[in-house]
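Structure record follows, encoded as structure tokens.
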Amino acid sequence: MSDSEDDDTPQLSSHTLAALQEFYAEQKQHADPGGDDKYHIGIVEENWQLSQFWYSQETALRLAQEVIAAAGEGGRIACVSAPSVYQKLRELHREDFSIYIFEYDKRFAMYGEEFIFYDYNNPLDLPEKIAAHSFDIVIADPPYLSEECLRKTSETIKYLTRGKILLCTGAVMEEQAAQLLDVRMCKFIPKHTRNLANEFRCYVNYDSGLDSET
């Protein structure tokens with residue numbers, strides 16, 4: 001190649017090249033996050049078609065602390081359709097608890113053996129390794145505000161739990177939640193990263209720290 005041909009070859013400025021390198025690095029991290037980053041809330045983007053709305057950092061932390069206290073040392077925790085709580089739990093206590101994430105969205109399969117594919121339409125279609133009544137607490141956030149979704153998710157919750165239930169759903173579901181799971185509304189009001197049109201609340205069937213604050 002001649003010198004004149006070299007001169008005609010387009011050259012990126014150092015600023016543009018740095019910006020491109022940063023972009024590709026971000027894309028690689030989203031495609032294959034590693035270390036603590038893969039547990040960061042938002043590393044998997046919300047899919048509104050799946051009715052996904054992540055908790056705020058503060059709410060995820062509060063709920064994670066609650067289930068840790070409820071499960072007890074070395075406890076087993078099931079996060080049913082509540083991926084941001086799972087992520088916060090793994091940020092806080094990576095080795096202290098046995099935690100599983102039950103989720104329809106297979107993007108969360110990046111969490112390996114702790115990921116359990118879950119479709120609320122088939123509430124008891126679970127792998128053999130998930131034994132009945134094998135979790136100290138189940139935290140569940142049914143994806144849709146409908147009686148059908150709550151009823152089917154409740155089947156899963158009752159199968160998994162040894163007793164304790166922490167349900168997160170709309171305030172409009174209070175009566176159905178009480179009938180299906182014998183849970184009561186807490187004072188604590190969960191928040192999401194985006195403002196939702198429907199008021200959201202937490203419900204429990206045990207003495208909970210979520211009743212000590214609004």
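The values are calculated or read from the model by the stated rules, or taken from the named source; none is laboratory data. This is a predicted model, so every value here is computed, not measured. Neighbour counts run over all protein chains shown; Cβ positions are idealised from the backbone, glycine included. In case anyone asks, the SASA skips ligands and DNA or RNA and just uses the protein heavy atoms, side chains included. Shrake-Rupley method; radii C 1.70, N 1.55, O 1.52, S 1.80 Å.
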Suppose we keep only residues that are under 11 Å from the mean Cα position of the chain (by Cα) and open to solvent by 10 Å² or more (accessible area, probe 1.4 Å) within region 67-88. Which one would you say is modelled with the lowest pLDDT?
Lys88
Go through (1) within 21 Å of Gln179 (Cβ to Cβ); (2) under 17 Å from the mean Cα position of the chain (by Cα); (3) of a type outside the set (A, V, I, L, M, F, W, C) and name the single condition Gly112 misses.
(1)
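Could you please find all residues in region 156-214 being of a type in the set (Phe, Trp, Tyr) and at pLDDT 95 or above?
The first filter runs over region 156-214 and keeps only residues of a type in the set (Phe, Trp, Tyr), leaving 159, 188, 200, 203, 206.
Those that are of a type in the set (Phe, Trp, Tyr) and at pLDDT 95 or above: Tyr159, Tyr203, Tyr206.
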So, in region 40-66, of the ones that are open to solvent by 30 Å² or more (accessible area, probe 1.4 Å) and over 23 Å from Arg107 (Cα atoms), which residue ends up modelled with the lowest pLDDT?
Glu58
